[in-house]
Amino acid sequence: MSVLEVRDLTIRFGGLTAIDSLDLKVDEWEIVGLMGPNGAGKTTAFNCITGFYKPSRGQVFYRGDDVTKLPPHRKAALGIGRTFQNVGMVKSETVLENLLTAQHTKTGYGALQAVVGSGVVRAREKELVTRAEAILELLGLGEFRDRRLGALSYGTLKLLELGCALATDPDLLLLDEPSSGMGPEESHQLGERLLTLRKELGVTMLLIEHHVPLVAAVCDYVYVLNFGKLLAEGDPDHVRNHPEVVAAYLGGEAPEALAETELPEDQQELAEVTS
Amino acid sequence: MTVTSPPIAAPALDLDAHRRTRRRLGARTAAALPLLAVVLLLPLHSDGFANIAAYAAIFVMVGLSMNVLTGYTGQISLGHQAFVGLGALTTANLINTGTTAADPFLFGIGMVTAAAASGAAALLLGAVALRIRGLYLALVTLVFGSVFADAIFTLPSLNGQDAGVKAYRPTALSSEYRFYLFALAMVVVCYYVDVCVRRTKVGRGLIALRDNELVASAFGVNVLGYKLLGFTLSGAMAGLAGGVFAFWTQQFSDKDFTAAAGFNLALTFVVMVVVGGLANRGGVIIAAVFFALVSPISPMMGAIAQHTGWLNFYNDHKFYISNVIGAVLLLQTVVLNPGGLGQVIRPFARWFAGHPFTLHDPDGGDGVGAMEGSSVRA
């Protein structure tokens, strides 16, 4: 049984079909890449999978269960973790507090117990801090424990965001451009980190990534989207040399079917629809 | 790249911090004592002092209530007087002392019911407020507050046929100072809840949704549920404050909460939480006490006016003076000092929490973030 299976996923914003009949499968222990030029609908696909958008048609299955209609927080509780394209963390909090916040569904006490100050809470909070510190150590970010986010560099923030996603204790992790803001050396390190995380924590991953060497190094399978449609799929080497993929990225001999109107940036859609 | 440690490792004990904390314990106690003396002994001076101190305690409870709603949850309420009023109305009508002192048991039940009733009303407002934010939320709460108060509080069957519902204190609390101690105990209850909220997943969830609802839900926070929780908790605290207020004035009168008087209160509540510093308990408490002391019913302002020879002027304008002071403080907070009073007292608060004393705090405080992140910006 696949960890994640997307069937015939379609979403329209007004007259615009942002994703058209996308089929996608992520199996246990796999790291799957999702590629495509800007505006291809990659982040929109993430938003549909994690419940931020309601797809117009199609289903999302998580370990065989139809989770299409579940709200984001329920999916997070099920074990679908995600990161955002532009650093999704609580910016007024410290690093440690962010990692504690990310463990929201794993606290082991209820909101009512928290409000009345039940004794269980104190003990559980200690465990949460321990776990947060362990994650910081794992990522080599221990020195930033009590810093506020404003003072940190973008690369550090991206890594911390990965830490927050790990703190939600995911079984399936969706990473939106994890290597953005990182140099070649750092993104190489990130690749090794992702492989290690899979080995040690058994996390299955789906990642949006533009950095081809990283994709080639970590992904078992790659899907390429263009204008909301699946352009190609296969192992990284196959996709890399696929003529249509090359055309889509470099703007070479684009097949006529693809020469339609440009889609808006994913982030703008996200901002508009959710604001 | 070395990732060798498993995700769950033994924590390194921060012995240094522990020692630091212990070393300053004496100094911190010494600093806390005068404060405690002022809080407990100054109201012993006279019934007038105790009376206004109890009023300040009620304001502090409302301040903490606003702190949960605006500071943590990032939602604004311009109708908070309705929750305070509903608490007062509920207790007074439930106990309805007539001309005798309240039965202590009923009195206790009345306080709990006041909190429950206002919590429920706030849940209702929260349900409406879920889909709107910023300026629209401000407008909806404004309308909710004034309509709720004007429509329900003025019902003759609930306001003692316009004469007010009597709420005489239980005999054990009949002296001003004892009643003040009771109000102080209720402040401690609200403070305790505030601390519990801030230190647990509830506060973290609220702050996460205040800063970014998408991120909060990706972390597994039920954004709609937690917003409602924020409203309900805040309403319950305000209701408890209202219950105390009914026995402070020893009656429920709709005139305290409707029309201009009610709006005046609502405005003061919002101003005091911003001037105090959003999401900053200490700052909000100081601001709440301050606004209670400069409020029209405070004898302090009258006494100052008399000594300085401005008594006639003061009597003519006393209903606006606290508003003018509030407006000036609000402006200076927004323009010069976005963290509010909380930011100003932060070096002391940090020292009190066991950190070394320093005026320079590179990481800033909660308040600044709250101002940036919250929808209070409208």
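For B:THR308, which of the numbered conditions (1) in contact (Cβ under 8 Å) with a residue 12 or more places away in the chain; (2) more than 24 Å from B:GLY242 (Cβ to Cβ) fails to hold?
Condition (1) is where B:THR308 drops out.
Against the definition (more than 23 Å from B:VAL273 (Cα to Cα) and modelled with pLDDT of 95 or more), how does B:MET111 come out, yes or no?
The answer is yes for B:MET111.
Among the residues in the range B:238-256, are any over 13 Å from the mean Cα position of the chain (by Cα), surrounded by fewer than 24 Cβ atoms within 10 Å (Cβ to Cβ), charged (D, E, K, R) and in a helix (DSSP H, G or I)?
yes
Being at pLDDT below 95 and within 12 Å of chain A (Cβ to nearest Cβ), is that true of even one residue in the range B:256-278?
yes
Hey, can you tell me all the residues within the range A:19-74 that are of a type in the set (D, E, K, R) and surrounded by 24 or more Cβ atoms within 10 Å (Cβ to Cβ)?
A:LYS42
Mind listing just one residue for me: the one in the range B:329-357 that is assigned to a helix (DSSP H, G or I) and among the polar types (S, T, N, Q) and, of those, nearest to B:VAL273 (Cα to Cα)? I'd like the intermediate steps shown before the answer.
Taking the range B:329-357 as the starting set, the residues that turn out to be assigned to a helix (DSSP H, G or I) are B:329-336, B:340-344, B:346-352.
Filter again for among the polar types (S, T, N, Q), leaving B:332-333, B:343.
Working: B:GLN332: 14, B:THR333: 11, B:GLN343: 13 Å.
Of everything passing the filter in the range B:329-357, B:THR333 is nearest to B:VAL273 (Cα to Cα).
How about the range A:192-242: which of its residues are within 13 Å of chain B (Cβ to nearest Cβ) and among the basic types (Lys, Arg)?
Those that are within 13 Å of chain B (Cβ to nearest Cβ) and among the basic types (Lys, Arg): A:ARG193, A:ARG198, A:LYS199.
Residue by residue through the range A:171-191, note down the ones that are at the interface with chain B (Cβ under 10 Å from one of its Cβ atoms), crowded, with 19+ Cβ neighbours inside 10 Å and either modelled with pLDDT under 95 or more than 14 Å from the chain's Cα centre (by Cα) (or both).
Answer for the range A:171-191, where residues must be at the interface with chain B (Cβ under 10 Å from one of its Cβ atoms), crowded, with 19+ Cβ neighbours inside 10 Å and either modelled with pLDDT under 95 or more than 14 Å from the chain's Cα centre (by Cα) (or both): A:LEU190, A:GLY191.
Out of B:SER157, B:SER174, B:SER217, which single residue is over 25 Å from B:GLN81 (Cα atoms), free of Cβ contacts under 8 Å to residues at least 24 places away in the same chain and either polar (S, T, N, Q) or surrounded by fewer than 24 Cβ atoms within 10 Å (Cβ to Cβ) (or both)?
Just a single option satisfies the conditions, and that option is B:SER217.
Would you pick out the residues in the range B:62-109 that are assigned to a helix (DSSP H, G or I) and closer than 11 Å to B:VAL270 by Cβ?
B:VAL62, B:GLY63, B:MET66, B:LEU69, B:THR70, B:HIS80, B:GLN81
Could you list, in sequence order, the residues of the range B:120-148 that are of a type outside the set (A, V, I, L, M) and under 16 Å from B:VAL84 (Cβ atoms)?
B:THR141, B:PHE144, B:GLY145, B:SER146, B:PHE148
Against the condition within 25 Å of the chain's Cα centre (by Cα), crowded, with 19+ Cβ neighbours inside 10 Å and facing chain A (nearest Cβ under 8 Å), how does B:VAL193 come out, does it pass?
Taking the combined requirement at face value, the residue satisfies it.
Within the range B:130-180, how many residues are under 20 Å from the mean Cα position of the chain (by Cα) and either within 26 Å of B:ASN51 (Cβ to Cβ) or of a type in the set (A, V, I, L, M) (or both)?
6
The values are calculated or read from the model by the stated rules, or taken from the named source; none is laboratory data. This structure is a prediction, so every number in the text was calculated from the model and none was measured. Glycine also receives a Cβ, built like all others from the backbone with ideal geometry; neighbour counts cover every protein chain displayed.
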